[in-house]
Amino acid sequence: MLETYPLIAIKDTVIFPYSRIPIFVGREISQRALLAALERDKKIFFVTQKNPQIEIPKESDLYIVGCIGSIIQSIKEPYDGYKILAEGLVRAKIKQFYMESYYQAEVIPEPVKYISNQKTDAIFSVLIEEFKKFAEVAANIPKEILEDIISLSDPIKVIYLVATYLPVNVKKKQKLLEESNIEKLIMSLIQEIAREREYLLVKKDITEKVHKTIQKNQREYFLSEEMKAIERELGKGSENKEYNQYYQKIKKAKMPKAVEKMALDELQRLTKMMPYSPEATVVRTYLDWLVAMPWQIKTEDKLNIREVKKILEEDHWGLKKPKERILEYLAVCKLNKKIKGPILCFVGPPGTGKTSFAKSIARAIGRNFVRISMGGVRDEAEIRGHRRTYIGAMPGKIIQSIKKAGSKNPIFLIDEIDKIGADFRGDPAAALLEVLDPEQNNSFQDHYLDVPFDLSDVMFITTANTTYSIIPALKDRMEIIEFPSYTENEKVKIAKNFLIPKQIKENGLEKFKINFTEDGILKIIRSYTQEAGVRNLEREIANVLRKIARDVVEKTKNNKKITVDEKTVRKYLGYEKIIRDEGKANDTGVACGLAWTEVGGEVILVESVLMKGKGNIILTGHLGNVMKESAQAAVSYIRSCAKEYKIPEYFIKDKDIHIHVPEGAIPKDGPSAGITIVVSLLSAILNKPVKKDIAMTGEITLSGRILPVGGIKEKILAAVREKIKKVFIPDKNKGELEEIKEILPDLLKKIKVVPVKKIDEVVKEAIQWKEERNL
């Protein structure tokens, strides 16, 4: 039977039939509905909002099932609103919703009926038992209320009153109200009661354990205080055993006075704390770090220059300049004991011996060696540490490594400094500014220790593949020492003297006389590796020796003397991985250039063709913006000097120019291909080939001047490797040739290096002017 009632939308609760609930009516629209009900028969329809945050709910914001209720008591509040006591009467569903001066709803009562049968009675009795168990652990159900509910004769009243006292969220209560099947309703209640009871039992168990722990700590603290009082009475002093141990360690550590005072202050704080409190553990950890630091421990340097030189020569072939710098530092140390540690930066391609050379320095001068890698480090706290206020705080990598070294003057290697990152957690490179500054690092302050530590006796060595990614302020603090790419001859000597003996030992072949011929080593270098260093060379040598070891074990090789020549290398390593094109750039429109990469120098080809078109310039080969601009500059230069080269002034009007740099999958950029592009273009336009075995590098201007570029040493090494006989370099780079002569005296005997100022000089030498080809 449909009936219309004033409607009040309630928040954060659900009214069930037979339950009495106090409600505050504050909204004006709800107050008007209340007054309308009071004027009639005091009956009103209560329905719950889906979202309690909505102040003026619409029909869609309300559940459709609610409860017709009666207003038992109503009190007007002095400030605003009404306090009412409402009793639920019957479950009902909204059929029509009205919103005028107040909410009204046309509803149909849908009471749930209890049909007594064996199954329903059984699950109802289970509900009563579960509710009794729940009431034992629930704090909000007094014994009197439990007895009142159980004593009721009407099962429906019992069911809805149990639902009222169940501490579940509004959505679950609404779901219970909406359930019309009596068996499903009782089962849902049983499940919710069991779940809530289990939750309360777990919560109670945890609370009891916490209280027991607190009581235990308090008991131990009081006993500790009593022990101290007894010791004082017996005249044994106020310090306990732990205090004495830390006190002795602090005195033994020979800390600076300010640091010792801070350590003793922390120790006094520790004595006033509960022994097993979290804060006491933090203080103990801090004191452990302070006493473990080598405040005054130093290793004695071996200042015998000849002995140090001998050790460095034993460990590494070549590297003349780095060795000289170390010997110079030791010589100054011998004359001036107060010299500060240098900050050296070893820069070179991978595999050139930067890290291993730092280890050799430590062995040669008798210092401890520690290493940290900065590759991918993005958090400033990795360098400076975390403040002690953070849970699990630790000192930074600098202090951790000094502690690990056990002395205040180790060789400290900071590897891969060019690969430091930065993000919202700070910039580690900026944090290194203080560490790598001899004028500041005598009072380096880690966030965790929070006391200054003297790093001026540390010899810092950093390594990098390039310097362009290092921030200028950090680069300015370091002395750059370049580790050049190795020549073929150097690789052969390194392999014979270092790599082969090392790998023979590691592969258990010392009993056999294994002899690598020079041709065999060169075969590995030329056909199976392409690198500036010797890392892959060592890997391939190890590959050969492993296969020999297998042959020995399988008895295919019984002789004690084994020779590794070209055929043996080919047999063990398979097909040649590197196929070199000897005599590059011997065709029209193809010129040979030199490029620098992070792994050394490379020889690249630049190809140009002209075809019918509308004056477009096509650039391909995965070129960067700078290289594209170099190509534009080359085209503009040729157009401006067309008459000098006897080229029609409007040669590009009905032609398209296509410039391509092969190996398109590899990104290429930089200005050093400028003169190579000019020579390639001129060769294509004039239909004259480029001379054989010529390569070039240099940036070009619109006026034809050649500007200096970087990586000359690596580029010349790449040209030698590719059997190129003549290389053109910018005249302003010729000063580097003297350095190359000093470091690699045999290199310039294998190739002719021609410094040039203008592009005309290159064009004159590079293009075959006497021979013309008809295409």
Inset, instruction - For residue 506, indicate whether it is buried (at least 18 other Cβ atoms within 10 Å of the Cβ) and out of contact with any Lys or Arg (no Cβ under 9 Å at 6 or more places or on another chain). - result: no
Inset, instruction - Identify, from the list 264, 290, 344, 270, the residue that is part of a strand (DSSP E or B), open to solvent by less than 70 Å² (accessible area, probe 1.4 Å) and not basic (Lys, Arg). - result: 344
Inset, instruction - Specify which of the listed residues (398, 326) is without any contact (Cβ under 8 Å) to a residue 40 or more places away in the chain and not in a loop (DSSP other than H, G, I, E, B). - result: 326
Legend entry - Residue that is under 19 Å from residue 388 (Cβ atoms) and of a type in the set (S, T, N, Q), where the choices are 299, 285: 285
Legend entry - Elements of type helices (runs of 4 or more DSSP H) in segment 486-573, at least 1 residues being farther than 24 Å from residue 356 by Cβ, under 43 Å from the mean Cα position of the chain (by Cα) and of a type outside the set (Val, Ile, Thr): 518-528, 535-553, 566-573
Inset, instruction - Would you point out which residue out of 647, 638, 618, 685 is open to solvent by 20 Å² or more (accessible area, probe 1.4 Å) and closer than 17 Å to residue 760 by Cα? - result: 685
Inset, instruction - Give me a count of the residues in segment 657-682 that are out of contact with any Asp or Glu (no Cβ under 8 Å at 6 or more places or on another chain), farther than 26 Å from residue 753 by Cα and open to solvent by less than 20 Å² (accessible area, probe 1.4 Å). - result: 1
Inset, instruction - Would you check if residue 709 is under 30 Å from residue 526 (Cα atoms), open to solvent by 10 Å² or more (accessible area, probe 1.4 Å), in a loop (DSSP other than H, G, I, E, B) and not polar (S, T, N, Q)? - result: yes
Inset, instruction - Kindly indicate whether residue 365 is touching a residue at least 40 places away in the same chain (Cβ under 8 Å) and touching a Leu at 6+ places or on another chain (Cβ under 7 Å). - result: yes
Legend entry - Residue among 388, 367, 363 that alone is surrounded by 15 or more Cβ atoms within 10 Å (Cβ to Cβ), in contact with an Asp or Glu (Cβ under 9 Å, 6 or more places away or on another chain) and either at positive phi or not in a loop (DSSP other than H, G, I, E, B) (or both): 363
Legend entry - Filter result (open to solvent by 90 Å² or more (accessible area, probe 1.4 Å) and in a loop (DSSP other than H, G, I, E, B)) within segment 293-316: 296, 297, 298, 300, 302
Inset, instruction - Note down all Cβ pairs under 7 Å where the first residue falls in segment 283-310 and is over 30 Å from residue 334 (Cα atoms) and without any contact (Cβ under 8 Å) to a residue 12 or more places away in the chain, the second is open to solvent by 50 Å² or more (accessible area, probe 1.4 Å) and not in a loop (DSSP other than H, G, I, E, B), and they're at least six residues apart or on different chains. - result: none
Legend entry - Qualifying residue in segment 198-209 (condition: at pLDDT below 70 and exposed (fewer than 12 other Cβ atoms within 10 Å of the Cβ)): no
Legend entry - Number of the exception - residue 458 against (1) buried (at least 18 other Cβ atoms within 10 Å of the Cβ); (2) in contact with a helix residue (DSSP H, G or I) (Cβ under 7 Å, 6 or more places away or on another chain); (3) touching a residue at least 24 places away in the same chain (Cβ under 8 Å): (2)
Legend entry - Selection count where residues are of a type in the set (Gly, Ala, Ser) and over 17 Å from residue 713 (Cβ atoms), scope segment 593-622: 4
Legend entry - Tally, over segment 427-445, of residues that are closer than 17 Å to residue 395 by Cβ and open to solvent by less than 20 Å² (accessible area, probe 1.4 Å): 6
Inset, instruction - Take residue 406 and decide whether it is on the phi > 0 side of the Ramachandran plot and either touching a Ser or Thr at 6+ places or on another chain (Cβ under 8 Å) or at pLDDT 85 or above (or both). - result: yes
Inset, instruction - Go through segment 751-775 and give me each residue that's part of a loop (DSSP other than H, G, I, E, B), open to solvent by 90 Å² or more (accessible area, probe 1.4 Å), modelled with pLDDT of 80 or more and within 25 Å of residue 587 (Cβ to Cβ). - result: none
Legend entry - The listed residue being without any contact (Cβ under 8 Å) to a residue 40 or more places away in the chain and of a type in the set (A, V, I, L, M, F, W, C), out of 202, 137: 202
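The values are calculated or read from the model by the stated rules, or taken from the named source; none is laboratory data. No experiment lies behind these values; they were computed from the predicted model shown. Positions of Cβ are backbone-derived with ideal geometry, glycine not excepted, and every protein chain shown enters the neighbour counts. Areas reflect the complete protein model, heavy atoms only, side chains present, ligands, DNA and RNA absent. Shrake-Rupley method; radii C 1.70, N 1.55, O 1.52, S 1.80 Å.
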